[in-house]
1. Of the residues in segment A:3-46, how many are over 19 Å from A:GLY97 (Cα atoms), assigned to a strand (DSSP E or B) and more than 12 Å from chain B (Cβ to nearest Cβ)?
2. Considering each residue of segment B:75-112, count those that are buried (at least 17 other Cβ atoms within 10 Å of the Cβ), in contact (Cβ under 8 Å) with a residue 40 or more places away in the chain and away from chain A (no Cβ under 14 Å), and give that number.
3. When you look at B:GLN38, is it within 11 Å of another protein chain (Cβ to nearest Cβ) and either surrounded by fewer than 14 Cβ atoms within 10 Å (Cβ to Cβ) or within 24 Å of A:SER98 (Cα to Cα) (or both), yes or no?
4. Restricting to segment A:72-106, and then to whatever is within 10 Å of another protein chain (Cβ to nearest Cβ) and touching a Cys at 6+ places or on another chain (Cβ under 8 Å), can you tell me which residue is surrounded by the most Cβ atoms within 10 Å (Cβ to Cβ)?
5. Consider segment A:1-46. How many of its residues are in contact with a Leu (Cβ under 8 Å, 6 or more places away or on another chain), aliphatic (A, V, I, L, M) and surrounded by 15 or more Cβ atoms within 10 Å (Cβ to Cβ)?
6. Is it fair to say B:LEU19 is surrounded by 15 or more Cβ atoms within 10 Å (Cβ to Cβ) and closer than 24 Å to A:PHE91 by Cβ?
7. Would you mind stating whether A:ALA19 is aliphatic (A, V, I, L, M) and touching a Ser or Thr at 6+ places or on another chain (Cβ under 8 Å)?
Amino acid sequence: NAGVMQNPRHLVRRRGQEARLRCSPMKGHSHVYWYRQLPEEGLKFMVYLQKENIIDESGMPKERFSAEFPKEGPSILRIQQVVRGDSAAYFCASLRGSNEKLFFGSGTQLSVL
Amino acid sequence: KQEVTQIPAALSVPEGENLVLNCSFTDSAIYNLQWFRQDPGKGLTSLLLIQSSQREQTSGRLNASLDKSSGRSTLYIAASQPGDSATYLCAVAQGGSEKLVFGKGTKLTVNP
């Protein structure tokens, strides 16, 4: 079991470009969460998805950010027209079922120049 | 709004010492509480999960307790080792989507 796989590990974008972050959950896990960790800040919830459905996006900025978890393939967190303030570590986590441990990926470090 | 606080922010101890990390939360209506470990530049590893109906969980040298009514949890590490050096994060899950609210962590350094 390969664990939660995130890629790329590091992503550098210039202001105004798009960033696409990918996450493959653990085998058998159908719940995916995205969290953001800003420097000197704790992890903040962004969005919770199940296959083809967004369940809770209360932590997502209203503009420029979107997430999907298609029937086939990884979950994608998409940030359009990135700004310097988007620089952070973005973590994906997956869960098999209710009230079980959450497994995290190693994260994608996004740097916006 | 749920808030999670961890004290102390940093802790340095000599190898072999027993230690306690503290976590408090403002809303006692939680689904579960988890303790994680984060190593620099890496993701989080789940250490212990305590369901809201439980009082404690143990794994090896780690023991976590939960007092829901007072909004507190502790992580006890016995016979600390240099390999335990990491940031320890406490997080509570609210009902429904089970999204986690994290504390800012306690950075632990165990000196050989």
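1. 8
2. Total meeting the criteria: 5.
3. Values: within 11 Å of another protein chain (Cβ to nearest Cβ): yes; either surrounded by fewer than 14 Cβ atoms within 10 Å (Cβ to Cβ) or within 24 Å of A:SER98 (Cα to Cα) (or both): yes.
So B:GLN38 fits the description; yes.
4. If we take residues in segment A:72-106 being within 10 Å of another protein chain (Cβ to nearest Cβ) and touching a Cys at 6+ places or on another chain (Cβ under 8 Å), then A:CYS92 is surrounded by the most Cβ atoms within 10 Å (Cβ to Cβ).
5. 6
6. Numbers: surrounded by 15 or more Cβ atoms within 10 Å (Cβ to Cβ): yes; closer than 24 Å to A:PHE91 by Cβ: no.
Against the criterion (surrounded by 15 or more Cβ atoms within 10 Å (Cβ to Cβ) and closer than 24 Å to A:PHE91 by Cβ), B:LEU19 does not qualify.
7. On the way: aliphatic (A, V, I, L, M): yes; touching a Ser or Thr at 6+ places or on another chain (Cβ under 8 Å): no.
When the stated conditions are applied, A:ALA19 does not pass them.
Values quoted throughout were computed directly from the atomic coordinates according to the rules given, and no laboratory measurement underlies them. Remember, predicted model here, so these are calculated numbers, not experimental data. Don't worry about glycine lacking a Cβ; one is built from the backbone with ideal geometry, like all the others, and counts go over all protein chains shown.
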